[in-house]
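Everything below concerns the one structure shown next.
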Amino acid sequence: MMIRISATYSDALSPLELYEMTRGFWRVDVESAREVDYVLAVYQGIVREVYQVADWFPGGTTFMQREEDGAWAKDRYEFVGRIADETVRQKYRLKNVAHFFPKGCQTPIRYVP
């Protein structure tokens, strides 16, 4: 699964900040999402990081460093995971995947077989 992260992305983000930006809160088909092994954080068509997913949870139910009002997370989901093993990261990190998000595409989520 690829998740296009927001314009608040910066190369100066810490690994934890990037993880938290990527992992929640999303409108996903939770059953389909639970079949996903990896989530790729995508910004401007480039994979910034790769996470191995442990599981998906209802939005606002797991601990996050981000200080936000979780009320808007209703009917959304977040995942818990870790940075993928180096072999997987090398395969995907910093690769161009812009073709999966054609111009005008509004959805931030792409399921890739």
Q) What do you reckon, is Thr87 free of Cβ contacts under 8 Å to residues at least 40 places away in the same chain and assigned to a loop (DSSP other than H, G, I, E, B)? A) no
**Q.** Test for Ala12: is it on the phi < 0 side of the Ramachandran plot, small (Gly, Ala, Ser) and in contact with a helix residue (DSSP H, G or I) (Cβ under 7 Å, 6 or more places away or on another chain)
**A.** no
Q | Members of the stretch 96-110 found to be open to solvent by less than 100 Å² (accessible area, probe 1.4 Å) and part of a loop (DSSP other than H, G, I, E, B), listed by number | A | Val97, Phe101, Pro102, Gly104, Cys105, Thr107, Pro108
Q.
If Asp55 meets every condition in (1) acidic (Asp, Glu); (2) outside any strand (DSSP E or B); (3) in contact (Cβ under 8 Å) with a residue 24 or more places away in the chain apart from one, which number is that one?
A. (2)
Q. Residues that are of a type in the set (A, V, I, L, M) and closer than 15 Å to Phe100 by Cα: which strands (runs of 3 or more DSSP E) entirely in the stretch 1-51 hold 1 or more of them?
A. 2-4, 38-43
**Q.** Phe79 open to solvent by 60 Å² or more (accessible area, probe 1.4 Å) and either more than 18 Å from Thr8 (Cβ to Cβ) or in contact with a Leu (Cβ under 7 Å, 6 or more places away or on another chain) (or both)
**A.** no
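Considering only residues that are under 16 Å from the mean Cα position of the chain (by Cα) and on the phi < 0 side of the Ramachandran plot, look in the stretch 82-95 and name the one that is least open to solvent (accessible area, probe 1.4 Å).
Start the filter on the stretch 82-95 by keeping residues that are under 16 Å from the mean Cα position of the chain (by Cα), which leaves 82-84, 88-89, 92-95.
Restricting the remaining residues to those that are on the phi < 0 side of the Ramachandran plot gives 82-84, 88-89, 92-93, 95.
Numbers: Arg82: 111, Ile83: 67, Ala84: 6, Val88: 26, Arg89: 43, Tyr92: 83, Arg93: 88, Lys95: 93 Å².
So, considering only residues that are under 16 Å from the mean Cα position of the chain (by Cα) and on the phi < 0 side of the Ramachandran plot, the one least open to solvent (accessible area, probe 1.4 Å) is Ala84.
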Q: Output the number of residues of the stretch 49-76 satisfying the condition of being modelled with pLDDT of 95 or more, farther than 18 Å from Thr107 by Cβ and buried (at least 17 other Cβ atoms within 10 Å of the Cβ).
A: 4
Q) Any residue at all in the stretch 83-96 that is touching a Leu at 6+ places or on another chain (Cβ under 6 Å) and at pLDDT 95 or above? A) yes
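The values are calculated or read from the model by the stated rules, or taken from the named source; none is laboratory data. Keep in mind it's a predicted model, so treat the numbers as computed, not measured. Backbone-built Cβ (ideal geometry, glycine too); neighbour counts: all protein chains shown. Only protein heavy atoms, including side chains, enter the accessible area calculation; ligands, DNA and RNA are left aside. Shrake-Rupley method; radii C 1.70, N 1.55, O 1.52, S 1.80 Å.
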